[in-house]
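The structure appears below as structure tokens.
Coordinate-derived values only; no laboratory data. Computed from a predicted model, the values in this text were never measured in an experiment. Cβ coordinates were reconstructed from backbone atoms using ideal geometry, including for glycine residues, and neighbour counts include every protein chain displayed.
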Amino acid sequence: MEREHDERPWGCYTVLEDASDHKVKEIVVRPERRLSYQRHLRRSEHWFIVRGEGYVVLDGIESEVRAGDTVDVPLGTCHRIGNRSSADLVFVEVQHGEYFGEDDIIRLEDDFGRQDAPAPAT
């Protein structure tokens, strides 16, 4: 069985499991890159940092993360993860909710021109 894999401007992800009630991804953030500042309307996420160092932003509050740390991203929370180091940042993301499609990403800020229109407050 071939796993879903996608290259992105900030790095890449590989889907490890895709079930009706959850999805698991391994995500690699390349050095000096970051994901868009985004939120989801139909899923929450839990991150386990496997390797590297970086930072997360949850509803505007920034925190440093490193291997062994965990981050909970509740449904609707604005969030981002970034890598300021010279080595890859690797984490496992467990999504939980009712829908896991990539079209449930509302981008509020993006370094690669993929910003969406502002979404209504929930």
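Details
- Exposure proxy order (Cβ contacts within 10 Å, fewest to most) of L89, L41: L41, L89
- Using only side-chain charges placed at the Cβ, +1 for Lys and Arg and -1 for Asp and Glu, the dipole size of the chain relative to its Cα centre rounds to 260 debye.
- One entry in (1) 8.0; (2) 7.4; (3) 13.5 is mean projected area of the Cα convex hull in nm² calculated from the shown coordinates; its label is (2).
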